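*Asks:* Right, I'll just put the structure down here and ask away after.
The values are calculated or read from the model by the stated rules, or taken from the named source; none is laboratory data. If you're wondering where the values come from, they're calculated on a predicted model, not measured in any experiment. Here the Cβ positions follow ideal geometry from the backbone for every residue, glycine too, while neighbour counts run over all protein chains shown. Remember, those area values only see protein heavy atoms, side chains included, never the ligands or the DNA or RNA. Shrake-Rupley method; radii C 1.70, N 1.55, O 1.52, S 1.80 Å.
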Amino acid sequence: MTEVRKHESVSRLASSVALRIADSMARSDDPHYVLAVPSGRSAIPVMSAFVNEVRERRLDLRRLVLVALDSYVEVTPSGPRNIPIESPQSAHRFLTEHGLDPLNAVSDCSLRMSAANVLVPDASRPEEMERKLREKGGVHFAILASGASDGHVGFNGPGSSEHSRTRIVELGPLTRSDNLVTYPTFGDLENVPRFGVTLGIANLAESREATLVLHGRDKALAYRRTLARAGYSPDWPSSVVHLVNASAIDVDFEASRG
Ligand SMILES: O=C(O)[C@H](O)[C@@H](O)[C@H](O)[C@H](O)COP(=O)(O)O
């Protein structure tokens, strides 16, 4: 049963999620601790609160692996490939700027995470992610975010199968317009890529623990729709949170009352 945690502010929400991630990482004896992170506004305050936890508790980051849920893809004559890391909308850049760099900046040199432990699904060989996830022992904690208007999670849009795994997908019009809100730097809907590479619903469902982070008024629909579903419903993919063993929805006042 997914636990609903309501918070009076985004900063309270972020601290609460970050504390749970830090506790779970500190408890784990596994050779790797894999944290899945969505690119976008939902994860930014959570990652920043996680950096604070790491600083205060002097957590050892050497086992930490950060996994991006997805990446935008550009189609070239030689085949599909991820948009360059220099691009402002790059998931790899996001994980570097909101994860790797600030985490290492607050850590002792001997406890830092390796840049090689930032994993992003790769459009030129999506199936590689399956091997890497197996090798790292699977996702320990997934921070999930929801598309405001169509419930996409990662880039799994409406209609995504419960059994889907890492693959290239075409982005629907609502997913693309939601992403223009996430990344105003696209400037215009026309500039939002039409394809992405994403972890699948099955990959997310296999996480040991997950929370769907919903903050801000524009996530009120996502909150209502996800709550209204008892299990996974392909018409609202972020309902995948209900399939995860230890699952929660962390919602702020704005999203919960809307
Ligand atoms: O990595 C991801 O998961 C995707 O890029 C995407 O699914 C994003 O998380 C949502 O569109 C919500 O974005 P916001 O958090 O900006 O609302």
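*Asks:* Of the residues VAL75, VAL67, VAL120, which is closer than 22 Å to PHE195 by Cβ, of a type in the set (Val, Ile, Thr), open to solvent by 60 Å² or more (accessible area, probe 1.4 Å) and touching a residue at least 40 places away in the same chain (Cβ under 8 Å)?
*Replies:* Sole residue among the options that is closer than 22 Å to PHE195 by Cβ, of a type in the set (Val, Ile, Thr), open to solvent by 60 Å² or more (accessible area, probe 1.4 Å) and touching a residue at least 40 places away in the same chain (Cβ under 8 Å): VAL75.
*Asks:* Inspect all residues belonging to the stretch 82-97 and state whether any of them is of a type in the set (Phe, Trp, Tyr), within 16 Å of the ligand (Cβ to nearest atom) and farther than 19 Å from GLU170 by Cα.
*Replies:* yes
*Asks:* Mind listing whichever residues of the stretch 214-258 are of a type outside the set (A, V, I, L, M), in a loop (DSSP other than H, G, I, E, B) and in contact with a helix residue (DSSP H, G or I) (Cβ under 7 Å, 6 or more places away or on another chain)?
*Replies:* Across the stretch 214-258, the qualifying residues are HIS215, GLY216, ARG229, GLY231, TYR232, SER233, TRP236, GLY258.
*Asks:* Quick one: in the stretch 50-67, of everything that is hydrophobic (A, V, I, L, M, F, W, C) and part of a helix (DSSP H, G or I), which residue is farthest from the chain's Cα centre (by Cα)?
*Replies:* VAL54
*Asks:* Taking the conditions exactly as written (at pLDDT 95 or above and either within 16 Å of the ligand (Cβ to nearest atom) or under 28 Å from PRO184 (Cβ atoms) (or both)), does VAL54 satisfy them or not?
*Replies:* no
*Asks:* On the given criteria, is GLU162 open to solvent by 10 Å² or more (accessible area, probe 1.4 Å) and within 14 Å of the chain's Cα centre (by Cα)?
*Replies:* No, not satisfied.
*Asks:* Hey, does the stretch 11-24 have a residue that's surrounded by fewer than 23 Cβ atoms within 10 Å (Cβ to Cβ) and not in a helix (DSSP H, G or I)?
*Replies:* Checking the stretch 11-24: not a single residue is surrounded by fewer than 23 Cβ atoms within 10 Å (Cβ to Cβ) and not in a helix (DSSP H, G or I).
*Asks:* Given the residues VAL118, VAL106, which is the only one that is touching a His at 6+ places or on another chain (Cβ under 8 Å) and at pLDDT 95 or above?
*Replies:* Within the list VAL118, VAL106, the selection yields VAL118.
*Asks:* Hey, another quick one. Take the residues in the stretch 234-251 that are surrounded by 22 or more Cβ atoms within 10 Å (Cβ to Cβ) and polar (S, T, N, Q), then tell me which one is farthest from the chain's Cα centre (by Cα).
*Replies:* Among those residues, the one meeting the criterion is SER239.
*Asks:* Which of (1) of a type in the set (A, V, I, L, M, F, W, C); (2) in contact with a helix residue (DSSP H, G or I) (Cβ under 6 Å, 6 or more places away or on another chain); (3) farther than 30 Å from ALA220 by Cα does ALA18 not meet, given it meets every other one?
*Replies:* Condition (3) is where ALA18 drops out.
*Asks:* Do you know which residues across the stretch 177-194 are within 13 Å of the ligand (Cβ to nearest atom), more than 16 Å from TRP236 (Cα to Cα) and surrounded by 13 or more Cβ atoms within 10 Å (Cβ to Cβ)?
*Replies:* Matches in the stretch 177-194: SER177, ASN179, LEU180, VAL181, THR182, TYR183, PHE186, VAL192, PRO193.
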